[in-house]
Every structure is written in structure tokens, then in C-alpha cells.
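A.B. asks: Below is a structure I'd like to ask you about.
The values are calculated or read from the model by the stated rules, or taken from the named source; none is laboratory data. Quick caveat, the model's predicted, so the values are computed rather than measured. Neighbour counts are summed over all protein chains in view; Cβ atoms, including those assigned to glycine, are modelled from backbone coordinates with ideal geometry. All accessible areas refer to the heavy atoms of the entire protein, side chains included, with ligands and DNA or RNA removed. Shrake-Rupley method; radii C 1.70, N 1.55, O 1.52, S 1.80 Å.
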Amino acid sequence: MVTPIHTPPPLAQRLSQLGTENAFAVSAAATAWAAQGNRVYPFHLGDINLPTPPHIAEAMARAIADSKTGYCAPAGIAPLRAALADDVGALRGVRFGPEHVAVQTGGKPVITKFLQAVMNPGDEVLYPSPGFPIYESQIDYLGGVAVPYGFLETPRGMRLDVAAIEAKITPRTRAIIYNNCENPTAAESDAREVDALADLVLRHNLWVLADDAYAEVRYSGNTEFLISRPGLKERTITLYTFSKKYAMTGWRLGAALGPQRVIERITQINVNDESCTSQPVQWAGLAALTGDQAPARHLLAALRERRDAAVQGLCSIEGMNTATPASAFYVFPEVSGAMRKRGFDNVNAFATAALHATGVSFCTRDHFNRRLPGETGQFARFAYSGIGVADIRDGLARLKAWVEA
Ligand code: PLP
């Protein structure tokens, strides 16, 4: 007789390599604090508390009323692929056709699908740190070797150190992940920096994931694109998302754009993973791209007011310093002076104490990938997409009073 075993078998070992998006953990701590009756000022999550423009929501309702509710092509509905090819290609000065587009359930899935398509186990992949945590999580999870690169702090904000990136390249380096208009630092490249990066990519024969999530969340100037440089289109996969530009974070709509043979493989992964992206949501995305752009401009204007309030509030606090970012919706001040004033040498303990003393909730550098050897600065990330101007002012005034008490 077989003795029954009551303990179920263990979970897969590979799960030990899977990371997470730590901003959600900060969010949980803030929610728990609020549940105890405390006021919270939410600077932690890159979500948007502004509504999706109504014509986009109406397009989805119309699609449902017209019974456009079945499965559709795994790469996306034809008109959306065509519209994405035109829109994304035009901004970058490259010619894309629908065959270069695979619609996704948000921008995030492009990260794992890019790595699945180009990275073998043991391959090294360069990625930014501080940077979006899913890069590191997915490289580790899929058996690659995650090689972080950092930034140089300058009075105009963070800059890439292209020579330092090059020093990390080995014969096993297969790809680089590049997030211009960066989360969390709001770092962005000027033309010279992009030229230098393009040169490096070509000389070392790398694949590129261009995470352009914030490329169009811009208050002044123009975004420089790696893919606009000669020879880069053949080796770049662009992550496009509707989340930020159109305040559609919860709709889950994005796309991968790139060389046809890569897009075909990513589409095959779509077939395996989710069959297709929700069809009504895709019709909404088509309305977003081809309809009135005034609401998107209004969103940007609202975000700009918030940026100005956040920068002003943070810079008024003793021991906090930041440049004014021209893109994305994050401010990434150096906070070691403020920490010292309150007697902290650990930025995470400082953030927790700030939440409990003031209700101001924010992420720290440690929520955005492993630190680089020798890294000494103490940084915090304040997202201003989910909090209005009055609360930004109020929250940061409280933070100032606490830090300077
Ligand atoms: N890339 C970066 C740098 C991000 O900050 C985010 C979201 O915050 C994403 C990609 C993914 O966004 P989504 O999946 O909503 O398109």
C-alpha cells in the first residue's frame, strides 16, 4: 500500500531567480499605513491618476457594441499594426511596416520577449542600474548574466558613462537594454551620447532593447533615438507603450517593433502566452494613435505643472538636490544631506521613517536593481504622475518640516 504524502511537491527551482517590481511593495506599505487612518502622499508608483481621454474609451465601447470581441491575429489587428508602424517610425525617422509590429499587453512584456528572442543562457546583457527592475529580474530568470551599468551625476542630471559601459563588454555580451528618458533617474541622452552608444553597439555587434516607455512624455527639447542612427534599425527592438502618453496604464496595451524575423518570433511567443491582446483594447489604441492628440497634450501640461511643483518642493528641502528633468515623470534627488540631518545612513530606513512621520511615500535607489560596486550616492525616486499639485506642495512641505526639524 502506498503511504499518502500530504506535503505537495516543491515549486520550480527557477522561481528563485525571479525578481519583482519593488515599487508595488512600497505601494503595499503605503496602503497599509493609510488603512490605519493615516494620510498618505503617493509619490511611489509610476501610475497616472488622470483619466484616459474619453474618445479612447468610446472607441473601446464601440468595438464591443460591434462585437469585435473575438480572438484576433496574434500580432495584433491590422489597422493598429499599420498605425503603430507609421507613428513610431515617423518620430524616429525610420520606415516601419505592419510586419515590423507585434502588439502586446503593455510595454512590459516586450522585455521578456526580447530576451527570449535574442539571449541564450549564459549570455551577458547590459542594463541600467538604477533602472526598471524587470530588466534584471528577467535576465536572471531566463538564465542570462545581468551586467548593470550606471550613470554619472552632473548638474544637468544623470548622464551615461559610455566608456564605462564599453569596459563591461566581453565576448559573451549579447545585448544592451537602453531606456532613454529613464525610470527612475529621468536621465536622457543628448545627440553625442546616442552617437557614442550607437558606435559601441555596432562595434560590439549587440542587440538593443530600446525601452521608449517615456520617449513622448517630454516637456521641452526632443528625444534622441538610437534607432535613428545608421545600422541600428536592423538590431533594435523598440518597446512602445500606450500607458504613459495616453494615461492608459491599466488598459495594458503596447507593442514591440523591430526587424521582421525578430517580430515573427515574438509573435510566436504571443501565440504561446496569450494568443492575442484584448481586441476591444486594440481598437481603443487605434483611436488613441489616429484620433485627436489634444487630450494627450493636456495630460502633458498637467504633468509639467506637477514636475515644477515637485522640483521646487524637493529643492527647497535642506540636503536634497535635483536637476529639473525634461522628460518622464520622476524626480531622483540625492538625499544624503537630508538623511544625515535626521540621523540615517540607510536610505530605506529614511524612507520608512518619512512615511510614518509625514505620510510622504517614495521609492529609493534600492528599488531599482542591484547597486554597482563603489556606488556611494543616496537617492530617492519621487513619481509625480499619481498625485496632484496641491498634494505635491502639501506633502513636500511636510517632508521639509520633518527633515529640517
Ligand atoms: N519600461 C519602463 C522604464 C517603465 O517605467 C514601465 C512602467 O512603469 C514600463 C516599461 C512598462 O509599462 P507598461 O507595461 O505599462 O507599458
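A.B. asks: May I ask you to work out the translational diffusion coefficient for the chain at 25 °C, viscosity 0.890 mPa s, via Stokes-Einstein with Rh from the Kirkwood sum over Cα pairs, reported in whole µm²/s?
C.D. replies: Diffusion coefficient, whole number: 111 µm²/s.
A.B. asks: For labels at Gln312 and Asp195 in the simple 7 Å Cα→Cβ model, what's the distance in nm?
C.D. replies: Reported label-point gap for Gln312 and Asp195 is 3.8 nm.
A.B. asks: Okay, next question. For the pair Gln17/Leu91, report the inter-label distance in nm, with labels modelled 7 Å from Cα in the Cβ direction.
C.D. replies: Result: 3.3 nm between the two label points.
A.B. asks: Leaving ligands, DNA and RNA out of it, report the carbon-plus-sulfur percent of the accessible area of the range 307-405 at a 1.4 Å probe.
C.D. replies: Carbon with sulfur: 48 percent of the solvent-accessible area.
A.B. asks: Add +1 for every Lys or Arg and -1 for every Asp or Glu among the other residues with Cβ under 12 Å from the Cβ of Val101, and state the total.
C.D. replies: That sum, taken over residues with Cβ under 12 Å, equals -3.
A.B. asks: For Glu166 and Arg371, FRET efficiency with R0 = 25 Å and r from the beta-carbon atoms, rounded to 0.05?
C.D. replies: According to the calculation, E is roughly 0.75.
A.B. asks: Assuming a ≥ b ≥ c are the square roots of the Cα gyration tensor eigenvalues, decide whether the range 1-123 counts as rounded (a/c under 1.5), prolate (otherwise, with a/b larger than b/c) or oblate.
C.D. replies: Oblate, because a/c is 1.5 or more while a/b does not exceed b/c.
A.B. asks: How large is the translational diffusion coefficient of the range 330-390 in µm² per second when you combine the Kirkwood radius over alpha carbon pairs with Stokes-Einstein at 20 °C and 1.002 mPa s?
C.D. replies: Translational D for this selection: 173 µm²/s.
A.B. asks: Please report the accessible area of Trp33 (heavy atoms, 1.4 Å probe, ligands and nucleic acids excluded) in Å², nearest 10.
C.D. replies: 50
A.B. asks: Could you compute the net charge surrounding Thr238? Neighbours are other residues with a C-beta less than 11 Å from the C-beta of Thr238; K and R count +1, D and E count -1.
C.D. replies: Local charge sum for Thr238: 0.
A.B. asks: A further question follows. With viscosity set to 1.306 mPa s at 10 °C, what whole-number translational diffusion coefficient in µm²/s follows for the range 294-333 from Stokes-Einstein and a Kirkwood radius over Cα pairs?
C.D. replies: Estimated via Stokes-Einstein, D reaches 148 µm²/s.
A.B. asks: Here's something else I'd like to know. From a point 7 Å beyond the Cα of Ser67 in the direction of its Cβ, which residues of the range 278-293 have a backbone N at a distance under 19 Å?
C.D. replies: 279-281, 283
A.B. asks: With every atom except the alpha carbons ignored, what do you get for Rg and Dmax of the range 84-203, in angstroms?
C.D. replies: 15.0, 43
A.B. asks: What number, in nm² with one decimal, is the all-direction average of the projected area of the convex hull of the alpha-carbon atoms of the range 245-342?
C.D. replies: Directional mean of the projected Cα hull area for the range 245-342 stands at 9.8 nm².
A.B. asks: Taking all protein chains together and a probe of 1.4 Å, list Ser385, Ser278, Ser27 from the most accessible to the least accessible.
C.D. replies: Ranked list, largest accessible area first: Ser278, Ser27, Ser385.
A.B. asks: For n ≥ 4 DSSP H runs only, could you compute -39500 (n - 2.57) per run for the chain, divide by its residues and tell me the 222 nm figure to the nearest 500?
C.D. replies: One gets -12500 deg cm²/dmol as the mean residue ellipticity at 222 nm.
A.B. asks: Applying a 10 Å radius around every beta-carbon, put 71-77, 203-209 in order of their mean neighbour count, most first.
C.D. replies: So the order, starting with the most tightly packed, is 71-77, 203-209.
A.B. asks: Along each principal axis of its Cα atoms, how long is the range 62-131 end to end? Whole angstroms, biggest number first, please.
C.D. replies: 48, 30, 24
A.B. asks: Straight-line reach from Lys341: which lysines have Cα under 16 Å away, leaving out those fewer than 8 places along the same chain?
C.D. replies: Correct list for Lys341: Lys400.
A.B. asks: Then there is this: With a 1.4 Å probe and every protein chain left in place, work out the accessible area per residue of the range 1-43 in Å², rounded to a whole number.
C.D. replies: The answer is 79 Å² per residue.
A.B. asks: Tell me the net charge near Val194. Cut-off is 9 Å between Cβ atoms, Val194 excluded, with +1 for each Lys or Arg and -1 for each Asp or Glu.
C.D. replies: Local net charge: -2.
A.B. asks: Say the cut-off is 25 Å between C-alpha atoms; which of Lys68/Lys113; Lys168/Lys244; Lys68/Lys233; Lys168/Lys245; Lys113/Lys245 go over it?
C.D. replies: Lys68/Lys113; Lys168/Lys244; Lys68/Lys233; Lys168/Lys245, as the Cα separations exceed 25 Å there.
A.B. asks: Quick one: what does P(r) look like for the range 289-391 with 10 Å bins over all Cα pairs, in whole %?
C.D. replies: Percent of pairs per bin, in order: 14, 42, 29, 11, 4, 0.
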